[in-house]
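The values are calculated or read from the model by the stated rules, or taken from the named source; none is laboratory data. Computed from a predicted model, the values in this text were never measured in an experiment. In this analysis, Cβ positions are derived from the backbone assuming ideal geometry, glycine residues included, and neighbour counts consider all displayed protein chains. Note: accessible area is taken over every heavy atom of the protein model, side chains too, but ligands, DNA and RNA are not part of it. Shrake-Rupley method; radii C 1.70, N 1.55, O 1.52, S 1.80 Å.
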Amino acid sequence: MTATPAPELGSLAAIAACVRTGERSARAVLATSLERVRELEGDLHCFNEVTIEAAEADADAVDRIVRSGLDPGPLAGVPVALKDNLCTVGIPTTCSSKILAGWLPPYDATVVSRLRDAGAVAIGKTNLDEFAMGSSTENSAFGPTRNPWDLGRVPGGSSGGSAAAVASGIVPLALGSDTGGSIRQPAALCGIVGVKPTYGVVSRYGLIAFASSLDQIGPFATTVADAALALEVIAGHDPMDSTSLDRPAPSLLATLHDGVSGLRIGVVADFLSEESECGDAVVSAAEALAAAGAKVDEVRIPELLLGLPAYYVIAPAEASSNLSRYDGVRYGLRVDGPDAETMNARTRGEGFGPEVKRRIMMGTYALSAGYYDAYYGQAQKARTLVIRAFEAAYQDFDVLLTPTTPSVAFPFGSKVDDPIEMYMCDLCSIPSSLAGHPAASVPFALNPEGLPIGVQVLAPALGEAVMMRVAASLEASAPRSARGPVTP
Amino acid sequence: MARLARLALDDDEVGRYAVQLSAILEHVDAVRRLDTADVPPTAHPFPVENVLRSDIERPSLDRDSVLSQAPVAESGRFRVPRIMGEAP
Amino acid sequence: MTEYETVVGLEVHCELSTTTKLFCGCRNAFGDEPNTNICPVCLGLPGSLPVINRRAVELALRIGAALNCTARRSIFHRKNYFYPDMPKDYQISQYDEPINVDGWLELPDGSRVGIERAHMEEDTGKTTHVGGGGRIHEASYSLVDYNRAGVPLVEIVSRPDVRSAAQARAYVDELRSILVATGASDGRMEEGSLRVDANISVRPVVSAEFGTRCEVKNLNSLRSLERAVEYEVERQIALIESGGSVSQETRHWDEGDSSTHSMRSKEEANDYRYFPEPDLTPLVPDAALLAAAGEGVGAMPAERRHRLSSLLGAGSDLATRTDGSTDQVVTVVDLGLDELVHGAVAAGADPRLALARAANEAAANPDAARLLDPVAFAGLVKMESSGRLSATQSKEVLAELMANGGDPAQIAGRLGYEQMDTASLDAIVDGVIVANPLEWKRYREGDDKVAQFLLGQVMKSSKGRANGKLVAQAFASRREA
Ligand SMILES: [Mg+2]
Ligand SMILES: [Zn+2]
C-alpha cells in the first residue's frame, strides 16, 4: 500500500490570513476539512467524535467577527482536532475508555479556550490509547486508528488519532498530549512535526491526567512553523494549574529562521544502534546541520538509559492514583453491585482495558507499603540522575539529537501482546519527559518501504526557541516526500 | 494488588497480569538496583514554590447538570449502594 | 492490685474559616443545599487541578503559632483510599513534611500537652445512610453531598501526654478556645467543624512503655470525649486484668449505648500509598505568609484569662483554677467578652460585678454582647452596685441593652425600675416581719441564717425591685431598735 502526497492545506498563517481578510470564510475552510473527514475517516478512524454542529457554530462565530471588523485571532478559521483527553464543554470526552463513555464535561480545557480565542475551529475529538497509555492507539476501547502512510500499520500513540488526522490532511493542526513520547512518537511514525513543550509551559488544566508530573500538551502540524505558531497560542501562564510556569508564552516565530550557524549540537550516541534506519537518519540529520554551520559532535549520556525503567515506575504510580476517581459514583460508567465496594471494583474491572489495568496494578505495587522505597523512591532518584546527566551535557551543547523512535511504524498486532516490546518504543523520548525538557520530532527521511522516519531535537528547559530553530533547519534539509500530508 | 487497586478481575486476567507484571518488574529492576546513596528524589521537574490563589469565591456548577452525569442521583445527591465499611 | 495510668493522644480536625475551599473557589459554608458548592476541582472531575488557597495557609500558620509550633517548608501528599465521599479517591494531605511541628499547649490547670504537628488537608464529602436507622451497615443505600469536600482542615496531633479523661476534655476545650480566638475556625463541634479522634491506652504506673492503643472515632462533643476515654480505659484495664490483651484497632464511640465498638483491626488497615502530590508545589513559610498569618491576631486565651483575673486582685478568693482564674473568667474569655469587661472596668465599673454580668447574662447572647458599648455596660453595673437597680432589674435592663442598645438609665426609667422609695421599702419590710413572726424572732436572737429567707420574702413582695443591700440594712436597723 502506498500513500500519495495530499493536497496542501496551506500554512496556518496563510489560512488565517485568508479568513481574516474575508477572502475565504471560516465556514468554507471548515467545509474542506469536513469533506476530507468524509473521504478518509472510514479508513483511518482518527476520531471518536466529529463535532460538525459545534464546528459550524464556531466557524460562523469567526466569520461574524471578521464581518464586524474585529480581529478573530492568529488562527482564524484554522480547523483543529483535539485529542479526546482534552475536556470540551458539552462534548463527549472519553479518553477512548468505556469508563468515560457518554460523559459530558462541564468545562473546557485551558488550551481549548485559547485555541478558540485565537479563532481556531475544533472539528472533533481524536482517538488515543486508552487514557494515553500506549504507543500504537491499539489500546482504544473504540478500535485502532490507522496510519495514513500504510493502513496496515499503527500511527503510533498514544495521540495516534491526532497524528493521523494531520498526516492525512484532514486538519492542518491537532493537539496531543505527551507523557513519555505520545506526541513525538506518533508524529515520527506519521511523518509530521510534533512538539512536547517544557513541563509547565502549556497549562494542563482540562487535560485528563495520566501521569501528572510528566503530562504536557503540544501541537501536531505538517511544518515546524505551524507547530511554532500553535505553541505560541496555547502556551503561557494559567492560574488554574499550579505547575504552570508564571512567564509569558515563548516567542518562537521571530527567531525560527535564524539558522544553526555556531550552535553546538550533540548527537546522543547511546541511542544510535548499528543497522538502525532511524539511527542512520540522525547521522544524516547531523551532517545536514553541520553543513548549515552548526558544530556537531557525538556525546555519550548513558544515564539516559535509566529513563525507560524509571518512567515505567513513575508513570504507572501516578496513573494508579489519577485513575482512582473512576469509581462509578459521580460520572461515567457504573456496573452495579450489592455494595459500594463491589460496585467500584466491577465498574473498574469492566470499564478499563487491559493496558490500563496492567499499569494501575503496576503503579499500585510501586507505591505500596514495603515497595515504595525500592521502586517509586528509587525511580525518583533515577529521575534526578537523568536530569543531572542532561545538565552536564548541556554544558557542552545547545541541543541534542536522537532518533524519535527505535523503528518506523509497525504492523497492527505486532507488539500488543508484549508490553515490554511496546514500552521500548518510548526509549528515546522518555528522558526529556522525566527532565521536563522540551523535545520535538521532525520528519527527516523515508525508509526503503516509504515509511517516514523522525529525528528528535532535545533542548534544556525553556529552550523551545533554539530547539525550533534547529527543527526548522532540519526540515529545510529533509526531502519534501518525507512529510505529510498524504492520502492513503 | 487488584483488591488494593479496586479492580474486579477474572481468573484469566489474574494469571495473565501476574506473568506480565513480573516481566515488567524484571525490566525496571535496573532502577531498584541503582546506587542512589546521596541522590535526592525529584518529585517535580521544576523547583517552584508557594503557588497560591486568593480566597475569592468563584461560581459553582449547576447542581442539576452535574447530577445529570451521575449514574444514579436522588434528592440532590449522588446515590451509591450501601457502604460496607466506615471511612478509614 | 496493679494501678494503671491512662495515656491519651488526640487528633483534632479543625475546619478553617476561609471564604472558599482549600483547592478551589467554591464556597466554604455549612448547611447549604446539598451539592450546590461544587466545581470540577472539588468534584474531582477528570482534568481538574488543585490550586492552594493562600488564606488557608495563613490560617494554618496562625494555628501553628498559637500552639507554639515551628513553621517549616511543607509539601502535600496524596493519601490513596477508595471511599464514596472522596471525589478523587485520594485525599490531599500533608504527610511527612507538615507545615507546623513541635509545639505545645498549656491547659488552665497549668499542665502542658505537646503538639507533634498541625498539618493541612482537605475535608471529605458527607454521606447520608438511607434505611437501617441511618447506620452504615444496615442502610440499604447511601447518598453523598460534596459541599464539604475540599473544605480546608488543619489536623492537630498531640503527643501522648494526656493522662485522664478530664484532661483530654480540658485539652480539647482549651484548643477550641484558641482556635476561636485566632479566628482560624468557629470551633463548632456540633456542626462538625471541630472533630476529635482519641488514641487511648493504659499501662501499669510502673511501666515506662506505652500500652497498645485504640483509636476512638466519632467523638462529637466534649462530653462524649470524656465518657469515651473513661469507658475505653475501663474496658482496656478489664481486658488486661482478665488475662487478655488490647489489640490495636479503630473503635467507634456509640453515644446511644455509651460504649466503643470495633471498626477495623490493624491487620485490615489501609495501605494509603502516600506519594508527593505532583499537581501542587511546596509551601515555604516566607515573610509575607508569616506576616499575613500574624496580622490582627490578639492575645491567646491563657494570657487573656490572666489579664482578666488580675482585675479581681491577686490571689482572689474566687479563683477556682490553678492558674488563678475563675469559671466566669474562662467563660468570658471563651466568648470573647473580655474586652467588654476591661472596658467597663476602665469606665469605673466594679470588676466582680461586671465579670459576673458578662459571664452569666451577657453570655446568653454573646454575639449581641460583643457589640455592647463598654461605657453603657459600665453604667449599668454602676447602677446595680450603687443600689439604684436590684440584681433582677439589672439583668432585665442588660437584656434590653443587648437587644436594642441605648442608655441604661433611660431603659431603667422606661421599664419603671426607678429606685424604690424608702417609704415603700419600709412598708414591705414591716409587712414581711408581721407575716413571719417566728423567723423574725430567730433573726433577732442572732440566727443569721434566716436573714436570706427574710430577704427573699421582701424580693418576692417587691417583685424584685427592692435593692438587696438596702433591705439588709432595713432588717439590721430594726433588729438593733
Ligand atoms: Mg487526617
Ligand atoms: Zn469546588
Going by what's in this entry, would C:P84 be described as in a loop (DSSP other than H, G, I, E, B), away from ligand 2 (no atom under 16 Å from the Cβ) and closer than 30 Å to B:M1 by Cα? yes
What residue, of C:A60, C:A139, is open to solvent by less than 10 Å² (accessible area, probe 1.4 Å), farther than 29 Å from C:M300 by Cβ and assigned by TED's automatic domain parsing to the domain that holds C:L153? C:A139
Number of positions in the range A:447-482 that are farther than 20 Å from A:T255 by Cα and touching a Pro at 6+ places or on another chain (Cβ under 6 Å): 3
Would you mind listing the helices (runs of 4 or more DSSP H) fully within the range A:369-453 where at least 2 residues are away from every other protein chain (no Cβ under 14 Å) and more than 23 Å from the chain's Cα centre (by Cα)? A:378-396
Subset of the range A:245-266 [surrounded by 14 or more Cβ atoms within 10 Å (Cβ to Cβ) and under 23 Å from the mean Cα position of the chain (by Cα)]: A:L245, A:A249, A:P250, A:L252, A:L253, A:L256
I'd like the full set of residues that are of a type in the set (S, T, N, Q) and either free of Cβ contacts under 8 Å to residues at least 40 places away in the same chain or open to solvent by 10 Å² or more (accessible area, probe 1.4 Å) (or both), limited to the range C:38-57. C:S48
Looking at A:A165, is it more than 16 Å from A:L12 (Cβ to Cβ) and either open to solvent by less than 10 Å² (accessible area, probe 1.4 Å) or within 14 Å of chain C (Cβ to nearest Cβ) (or both)? no
Over the range A:381-408, the set of residues among the charged types (D, E, K, R) and crowded, with 24+ Cβ neighbours inside 10 Å is A:R383
Given the structure, is C:A181 under 17 Å from the mean Cα position of the chain (by Cα) and modelled with pLDDT of 95 or more? no
Filter the range C:10-24 down to the residues that are surrounded by fewer than 23 Cβ atoms within 10 Å (Cβ to Cβ) and not β-branched (V, I, T), then identify the one that is nearest to ligand 2 (Cβ to nearest atom). C:S17
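Table: residues versus (1) in contact with a His (Cβ under 9 Å, 6 or more places away or on another chain); (2) within 18 Å of C:A56 (Cβ to Cβ); (3) touching a residue at least 60 places away in the same chain (Cβ under 8 Å).
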residue: C:I136; (1), (2), (3): yes, no, no
residue: C:G150; (1), (2), (3): no, yes, yes
residue: C:D161; (1), (2), (3): no, no, yes
residue: C:A166; (1), (2), (3): no, no, yes
residue: C:V180; (1), (2), (3): no, yes, yes
residue: C:A184; (1), (2), (3): no, yes, yes
Among residues of the range C:87-120 being more than 12 Å from chain A (Cβ to nearest Cβ) and in a loop (DSSP other than H, G, I, E, B), the residue nearest to ligand 2 (Cβ to nearest atom) is C:I99
Is there a residue being within 16 Å of ligand 1 (Cβ to nearest atom) and of a type in the set (V, I, T) anywhere in the range C:19-29? no
Residue match in the range A:368-380 (condition: buried (at least 24 other Cβ atoms within 10 Å of the Cβ) and touching a Phe, Trp or Tyr at 6+ places or on another chain (Cβ under 7 Å)): yes
Within 16 Å of ligand 2 (Cβ to nearest atom), farther than 20 Å from C:S259 by Cα and hydroxyl-bearing (S, T, Y) - does that describe any residue in the range C:154-172? no
Can you name the residue in the range C:122-136 that is more than 8 Å from chain B (Cβ to nearest Cβ) and within 16 Å of ligand 2 (Cβ to nearest atom) and, of all such residues, is most open to solvent (accessible area, probe 1.4 Å)? C:K126
For the range C:93-127, which residues satisfy the criterion of being within 25 Å of B:R82 (Cα to Cα) and within 11 Å of ligand 1 (Cβ to nearest atom)? C:E122, C:D123, C:T124
Check whether at least one residue in the range A:334-345 is among the small types (G, A, S) and more than 7 Å from every other protein chain (Cβ to nearest Cβ), and report yes or no. no
Looking only at residues that are within 14 Å of ligand 1 (Cβ to nearest atom) and surrounded by 24 or more Cβ atoms within 10 Å (Cβ to Cβ) in the range C:151-162, which one is farthest from C:L49 (Cα to Cα)? C:S158
Residue list for the range C:431-481, restricted to those being free of Cβ contacts under 8 Å to residues at least 24 places away in the same chain, open to solvent by less than 70 Å² (accessible area, probe 1.4 Å) and within 28 Å of C:M383 (Cα to Cα): C:V450, C:L454, C:L455, C:G456, C:A472, C:A476, C:S477
